[in-house]
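Heads up: the structure comes next, in structure tokens.
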């Protein structure tokens, strides 16, 4: 058993640091709904500037950002084009159908990254009265189900050109956009220039307890506020949590390279453990996936055995024997080495 529990289940497991807690305690607040919360307003301006968009709105979660954006972009019966691994398909409880009444046309991109040619082939005939309308293309950067792969900017620009030539809107699920930007060196605003709407999450690698910001044009954000209200996302003195988001943006963005280094170290170590298979070269950012090949050992048994020894891991939608681990600011290199020892011991037991 470890001296303390090493939680690699997700980067959502991060807890506010002392500095972040102080920023929250000291936050100046007001009625967010009336644009009277100065901390929220500062966050909105900062995000809009960071992403090169006209405006932004603070929401309780990234899922709400996705759902609100789809409601703004689409009408009943429309179709969204997205990779088969997309969060909006696999992890939002069917929200696209329940909230917006839209269909999803799935693409199969390598590691969650599809091309403009794939989008062009998937577009519906706009003159057909039988087919749904292709209304929106949704990109996820980094791709969670695609091993945390960061989109090459040129690939995203190719998708954007096809979408715009067809008069189709483009949205980005930017839950880990900060990881993509740090990994590739591409400015978040350059990624954002490819899309009509996008959002940033504060609760993953950036280490805040709650919240995400959706950005786009002024007209888009005006409508997004309406959807936020309809979906139950109205907040009042939310400067308390906006302060955590601001602290995260100002202090925790550049340090993500450390998480990527720790993830590579972890993946390399796992690849050398008998009975486990990890394609190290696929793990670009802070997500690591590996498969259990030892006969008789299931993913659920493996996760439970590691938990009993003080290390938290998670199973993956990629199969019953696929494991996902995530590095973040609350685990250091010593923790990674300790986790590798536990993983090795479990496989040897």
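Values quoted throughout were computed directly from the atomic coordinates according to the rules given, and no laboratory measurement underlies them. Note that the structure is a prediction, hence the values are computed from the model and not measured. Virtual Cβ from ideal backbone geometry, glycine too; neighbours counted across all protein chains shown.
With both labels modelled 7 Å from their Cα along Cα-to-Cβ, the residue 164 to residue 261 distance reads 3.8 nm. Modelled this way, with points 7 Å down the Cα-to-C-beta line, the labels at residue 304 and residue 21 are 3.5 nm from one another.
Using a cutoff of 8 angstrom between alpha carbon atoms and counting only pairs six or more residues apart, the relative contact order for the chain works out to 25 percent. Return the calculated 222 nm mean residue ellipticity for the chain, to the nearest 500 deg cm²/dmol, obtained by summing -39500 (n - 2.57) across DSSP H runs with n ≥ 4 and dividing by the residue count. The helix contribution divided over the chain gives -12500 deg cm²/dmol.
Using a Förster distance of 22 angstrom, determine the FRET efficiency expected from the C-beta separation of residue 34 and residue 193, and round it to 0.05. That pair, residue 34 with residue 193, gives E of 0.10. Summary of packing: across the peptides 146-156, 274-284, 35-45, the per-residue average of other C-beta atoms within 10 Å ranks them, highest first, as 146-156, 35-45, 274-284.
Throw me the Rg/Rh for region 1-149, computed over C-alpha atoms with Kirkwood Rh, two decimals. Let's see the in-between values first.
Numbers: Rg = 19.5 Å, Rh = 18.4 Å.
Rg divided by Rh gives 1.06.
Expressed as a whole percent, the proportion of Cα-Cα pairs in the chain lying more than 27 Å apart is 47%. With R₀ set to 25 Å, the beta-carbon distance separating residue 129 from residue 98 gives a calculated FRET efficiency near 0.45. So what's the angle, to the nearest 10 degrees on a 0 to 90 scale, between helix 62-73 and the longest Cα principal axis of the chain? On a 0 to 90 degree scale, this one is about 30.
The stretch between residue 218 and residue 121, if pulled fully straight at 0.36 nm per residue, gains 31.8 nm over its current Cα-Cα span.
For region 219-349, what does the convex hull of the Cα positions come to per residue, in cubic angstrom?
173
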